[in-house]
Structures are given as C-alpha cells and as structure tokens.
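The values are calculated or read from the model by the stated rules, or taken from the named source; none is laboratory data. Computed from a predicted structure; not experimentally measured. With ideal geometry, Cβ positions are generated from the backbone for all residues, glycine too; neighbour counts draw on all protein chains shown. Heads up: the accessible areas ignore ligands, DNA and RNA and are worked out on the full protein's heavy atoms, side chains in. Shrake-Rupley method; radii C 1.70, N 1.55, O 1.52, S 1.80 Å.
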Amino acid sequence: MPPEEQSAPCQDKSDVVALVASRVRWEEKVILDELEARNLPYEVVDSRTLYMSLTMHSAPWAFALNREISQTRALYAALALEGARRRVVNSARSIEVCGDKYRTALALRKAGLPTPETILALSPDAARLAAEEFGYPVVIKPLMGSWGRRVALLRDPETTDAVLDYCEALPTSQSHVVCLQEPIDKAGRDIRVIVVGGTALGAIYRQADGWRTNVALGAEARHCPLDEELAGLAVAAAAATGAEIAGVDLLEDPDGQRYVLEVNSGVEFRGFSSRLQVDVAGAIVDYLTAEVAA
Amino acid sequence: MTSTCPECAREIAVAETIRLSQIVECPDCKSELELVSTQPVILALAPEPEEDWGE
C-alpha cells in the first residue's frame, strides 16, 4: 500500500480473497474463473508491486491464496500478510519447508514417512566425501530448485568432480550446500498426488524417457490408481510440511515400496486436471470458502 | 480484441476472457507476452523465468 495510506484505516475488504500472483497461468485463470462463477469477491495482488510496512497491523484482505510463481516472493508475501494477521494459504512455514529439499526430508522423516536416504553436504568438498562414502550412483540436488533443474545422477567420481566444480563456481553460498539422495529404481516414472485441505484428489504417473520426471521437462501424465496407502502417504506428507494445497511426489520401487520424494506448495495442475478430469480449481475454492467461513 | 506483438509487430487476436498478467504466445515469433493493460489492450514481453520460479 502507498505510504500515505498507512496511517489511515484500511479499506474494508474483509470479504475479499486476495489471490497473490505475478503471473496468471492456466491454474490461476481457472481459479479466478471459479471464484467468479461463485460470485466470490477477489482481488489479484501482483507481488511485483506489493509492499507492506512492518508497522502495518492489518491488511485489506482477510484471506489470501498464494499462487505466486516466484518462491522468494511467495514466501515473503506470506510472511508479510501473516505479520498483518491475515490467513494465507499456503502458509509461510509450508512454503519455506517445501521449498528446501533438506527441510522437506527432515519433516517427512519426523512424521515417520518413507523417504529416500538424504545426505546434506555443506560444501562441494563435503559432497565429494559423502558421495565417496555413500557410493555410486547417487542423486545430487540443489537445496532449492524447481522444475527438475540442477538435479543430476552421479555415476562415478569423475562425473561427481565435474558437477561439483560447476557447483563451486556458482555465485551464492546457498548454491554450495547440496543434497545427495539415494536413487530409487522407479522404472522411469514417479507419482504425483494433489492434496487439497487434507483430501487427496487423485494421482497421475509422470513418465519420462530420462530419469527426471518433471512435466516441465516433458514427462507424460498418465492415470494412476489412488489406493488407500497412496492417498494416506500423500495426505500425511502434505500435513508434515504444513501445506494445505500440495502436489506430493512419490516414487515406487520394483517391490512396490513407496517413498515420498517432495511436497510442492505452489502446485501446477493443468496436466493433472486434464488427464484425470478432476476439478482442482473447484476443490481449492471449496476449501477456501470453508476456511473463510470458519 | 487485438493487440500488437512488441517483438515482431504482428497483430494478435486476444480472447475477450483474457486477464491481466496472463501469458500469451505470439503465433509468429513465439515470444511470451504478458497482458499488461486491458484498456487499452497492451501486450509486453513477459519476464524471463527466474531461478526460483515454479513448483
């Protein structure tokens, strides 16, 4: 809000849902279409022009749905709005946990959920030592990253050295802290379950030729039966990270053992909705409506 | 509604239901464009994806 409005009472928008987004993707568009269809008042808040003072004790909107594409802006928008005593979905805490692969692994382990062995290496040199001790192959991942970027399968010491040399050359100190993870034989596919408000909406397989199965990298979505175990794991994983709206990624090994890999707090669901004919936007707005009324 | 691609100047038909900050692709030069104004309809080059974008 402009500085001159800080001392004036905030315009009452207590019945207005703020949708925080700097980019209106297909997902945001269908959510907005759903809000309009139900005559629910909303305001799109572009995070690129959002600023909030520490001394602001309130914000116009009672409730915010955080659909910001930038992890950084999503986190700080949530922090600022929560600081102004506004309910934000997903919460700042969940965005922080879900956005950090090691924090996610810790949360999943604390909840007693099956997850691949994960090693945190605080420097590229530590990663070399860890890879040597763990053995090959081993997966290397940045602490924070999306769409499968900078995830690699290290098959031998020579490849590891080359990858870690690049890692060392990255400018930020955070880039030098990496996760090594046990590779799971997943037969070229993983499972994505979308959870909204504690309910698993459905599951898809994401099949790829390579071993990275992100849709952003061209993986194909196929229907996956959502059995009780799968739904239970996904719902528990979302709860463990605090994400009320989540895309939970799981792996299944040849023996049928399932592992929770990660929880995405800014879930993209176009492929999921299209493949399963599941109205994710409707489920999100149902959840928002119930939470606003609570 | 129509607008012009800022990159190649092609005239682009824009759906009536388009929303502010929505992304469209220029059919000719394939540039990603963002709707930055509805009245008048103005498309600008969309911001390049940043490292922390996405799920």
Problem - Scope region A:1-25; condition of a type in the set (Ser, Thr, Tyr), at pLDDT below 95 and under 28 Å from the mean Cα position of the chain (by Cα); matching residues - result: A:Ser14
Handout entry: Complete set of residues in region A:75-91 that are over 19 Å from A:Val292 (Cβ atoms) and within 12 Å of the chain's Cα centre (by Cα)
Key = A:Leu75
Completion exercise
The strands (runs of 3 or more DSSP E) lying wholly within chain B that contain at least 3 residues that are within 14 Å of chain A (Cβ to nearest Cβ) are B:23-25, B:32-38, B:41-45
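Could you please give the count of residues in region B:9-55 that are among the β-branched types (Val, Ile, Thr) and under 30 Å from A:Thr172 (Cβ atoms)?
The qualifying residues number 1.
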Exercise for the section: Give the residues of region A:243-272 that are in a helix (DSSP H, G or I) and crowded, with 21+ Cβ neighbours inside 10 Å, sorted by residue number. Expected result: A:Phe272
Practice task
Looking for whichever is open to solvent by 40 Å² or more (accessible area, probe 1.4 Å), touching a Pro at 6+ places or on another chain (Cβ under 8 Å) and more than 28 Å from A:Asn66 (Cα to Cα) here; the options are A:Pro183, A:Pro171. Which one fits?
Solution key: A:Pro183
Problem - Criterion: closer than 19 Å to A:Ala281 by Cα and either within 11 Å of chain B (Cβ to nearest Cβ) or modelled with pLDDT of 90 or more (or both) - qualifying residue of A:Glu28, A:Glu96 - result: A:Glu28
Exercise for the section: Determine whether A:Leu201 is open to solvent by 40 Å² or more (accessible area, probe 1.4 Å), not in a loop (DSSP other than H, G, I, E, B) and not small (Gly, Ala, Ser). Expected result: yes
Handout entry: Pairs where the first residue, in region A:36-54, is within 11 Å of chain B (Cβ to nearest Cβ) and surrounded by 13 or more Cβ atoms within 10 Å (Cβ to Cβ) and the second is assigned to a loop (DSSP other than H, G, I, E, B) and of a type in the set (D, E, K, R), C-beta under 7 Å, 6+ apart
Key = A:Ser47/A:Glu68
Handout entry: Residue that is surrounded by the fewest Cβ atoms within 10 Å (Cβ to Cβ) [pool: residues in region A:142-168 that are away from every other protein chain (no Cβ under 14 Å) and among the aliphatic types (A, V, I, L, M)]
Key = A:Ala162
Fill in the blank from the handout: Checked region A:248-291 for anything more than 19 Å from A:Glu68 (Cβ to Cβ) and within 14 Å of chain B (Cβ to nearest Cβ); matches are A:Val248, A:Asp249, A:Leu261, A:Gly271, A:Phe272
